[in-house]
Amino acid sequence: MFRIYRGLLFSPLLLIFFLTVPAAAFHDELDLTTLSLTELYNVEITTVSKRGESLAKAKAAVHVITQEDIRRSGATSIPELLRLAPGMNVAQVNSNTWAISARGFNWVYAGKLLVLIDGRTVYNHIFSGVFWDEQDYVLEDIERIEVIRGPGAALWGANAENGVINIITKKAKDTQGGILSAGGGDEEQGFGTLRYGGQLNDNTYYRIYTKYFDRDSFKDTSDSDAHDEWDQFRSGFRLDSDLSEDHSLTLQGDIYNGESGIVRQIPVLTPPYLSVDAADIHMSGGNILARWESSFTYNSKTSFQLYYDRARREENNTSTERNTFDLEFQHNFPIGDSHYIIWGLGYRFIKDDLNGDLFISFDPETRDSDLYSAFLQDDITLIEDRLYLTAGTKLEHNDYSGFEIQPSLRMSWLPLKGHTAWAAISKAVRTPNRLNHDATIPFSAFPNKDGSTILLQIYGNDDVESHNLTAYELGYRFQPAERTSIDFTAFYNDHGSLITIEQGNTFYETNSLQPYLVVPLYFDNEMKGESYGAELTATYQVTKRWKLTAWYTWLEMQLHQTGSSTDTTSAAAEGYSPKHQFHIRSNLDLPYHLELDTALYYVDSLPELDISDYFRFDIRLGWRPASNLEVSIAGQNLLDDRHEEFLSERGGIGATEIERVVYGKVTWRF
């Protein structure tokens, strides 16, 4: 498994050791960190229960990526930031595409992970998953990213089977003044951000921003240009107003426009039966969100949120346009001293227009979809400061699978100060998508014995059902000492009705200049399985100036097809996620206002995709000559020139190798 030379493993660790120990010893009296480990351990989060609670007491496997983590990570995109979270499977496919999931089933469009930005879902109902090249923000304005591993469906609804990522941006009041940031390097050819925040009156604050980046293309496995360059312009605003002591209003919105490149592998009816074409994807869109919050008493609150989201992608002769309108109401209130009720209602309307080509087509091309939802949760205090129970469920009705119910039962026990044991049983679903119902996708072509062509083609199926999951989780987190925290989670997932691709009866297609034999393949639910594993995270504040964070995750998956299944590919998903991952990160404040941040990753092999295991070493050196000025240089993937992380030459996207990246950045606050 560890095929890299031992010297490559130990040299970064020795570098960290020799650079950090002397500085820490001589400058322990200085504290440049923003939060102590105890404060980080007790930071308030909202994603687990839809109300504020301490991270230390949360009844879920949750990790918080703080603003300080973001600033010192050296990352320039949201997908790269998610590498910091334990248990996340983050694999870069090319310069502009990632496969991201948690606890298995990773893919370019991983359908079991729900992603939110300030309460607005960015999950794509057409393919199930996230177009990560559409998601961006001013990283300095992100307050935190809450990453939940495991089901969050009882509150957040369908498609939160394996986890929830909630990106929470700062309030406008906390981003007053300006930021001008710019940089560039070999692959990050140029990027810049301008943001300014101001005040309209005593109770109303705003910020506006604009940003742009341009990324160079990587190399493919034959050392040629991979045609995966990526550039994007984005602009937006946020306004927060305290209308009175009990009422507040938030308005925010974003627009974006950009292009990315991709190499498609498309089956054709003539030799060599495969067309490899470079394509340019043009993406554009925008969103606007409004949220009204009211407090009737200290503990009784309501919120009403609505947003509109439009996204359009054009690739060669194809285009997809999605228009989403979403309404959500929530009410929190106590009943006596032992119960705290949270309930809510929601409605979502999606109108899409999908114009296909030889790669993929949809019938019908235009479709309207409705989603109705309601949820109820009761947080119950069984023994004050010792034992708590949370019971809740989400009820939904969608146009693809009908009525869905997703309950959850969670319990926590606080045996000692700074110790939390928790357990959970949850049900969740991943509903069918537009592709499962309405798509036609040429899968593979090859010659027949009589000289004609055989085409394997996938068709949508109106009868395909939702995936269903029953998850069992146990966790324990504690602080054995003031400078140390440990978080352990074990889980067992029982998966049912997993989607497979089944063969139908062959037929000849004669409406063509060259008749060919079609082997039809249909989406169905002929697979089940189990996944289980463990996740361990430890943080050690060595000194006030030096913090170490390490995590390890282990994952096992077994997928089983029914006896009637003809699918020969879907069970391979067992090998799409690494069994073992390891990460260690060091954040050190050096003398003369210098910062040294290093990170070492190990990712196990993906045998079904012919991806070897690999190490990754990142480093960032920052300098803050003044309180409002920061200069940094960062390097990523420094252990080798380039390597593959996902897909190889399968899946319709050409094989690309992820290259070493070095860039510089200057940030001025005014």
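Details
- Per-pair calculated FRET efficiency, R0 = 41 Å: Ala534 and Glu365 via Cβ, rounded to 0.05: 0.35
- Label point distance in nm, Asn299-Asp242, each placed 7 Å from Cα along Cα→Cβ: 2.3
- Coordinate range along principal axes, alpha carbons of the chain, Å, largest first: 82, 59, 48
- Relative contact order of the chain, taken over Cα pairs closer than 8 Å and 6 or more residues apart, is 13 percent.
- Checking the Cα-Cα distances for Lys59/Lys170; Lys50/Lys394; Lys112/Lys579; Lys112/Lys427; Lys171/Lys351; Lys50/Lys112 against a 22 Å cut-off, the pairs over it are Lys59/Lys170; Lys171/Lys351.
- Hydrodynamic radius by Kirkwood, which averages 1/r over all alpha carbon pairs of the stretch 492-548, in angstrom: 16.8
- Estimated inter-spin distance, Thr270 and Asp641, nm [label 7 Å along Cα→Cβ]: 3.7
- Summing Lys and Arg as +1 and Asp and Glu as -1 over all other residues whose Cβ lies under 10 Å from the Cβ of Ser531 gives a net charge of -3.
- Cα-centre dipole for the chain with unit charges at Cβ (Lys and Arg positive, Asp and Glu negative), debye to 20: 1840
- If R0 is 35 Å, the Cβ-Cβ spacing of Tyr492 and Leu395 corresponds to a FRET efficiency of close to 0.85.
- Sites excluded, GluC sites (Glu not before Pro) in DSSP loops with at most 16 other C-beta within 10 Å, longest stretch of the chain: 30-244
- Crossing angle, helix 6-26 versus the chain [Cα axis fit, 0-90 degrees, rounded to tens]: 20
- Modelled this way, with points 7 Å down the Cα-to-C-beta line, the labels at Asp378 and Ile208 are 5.0 nm from one another.
Every read-out reported here was derived from the displayed coordinates using simple, explicitly stated rules and does not represent laboratory data. Not measured: the values here are computed from a predicted model. With ideal geometry, Cβ positions are generated from the backbone for all residues, glycine too; neighbour counts draw on all protein chains shown.
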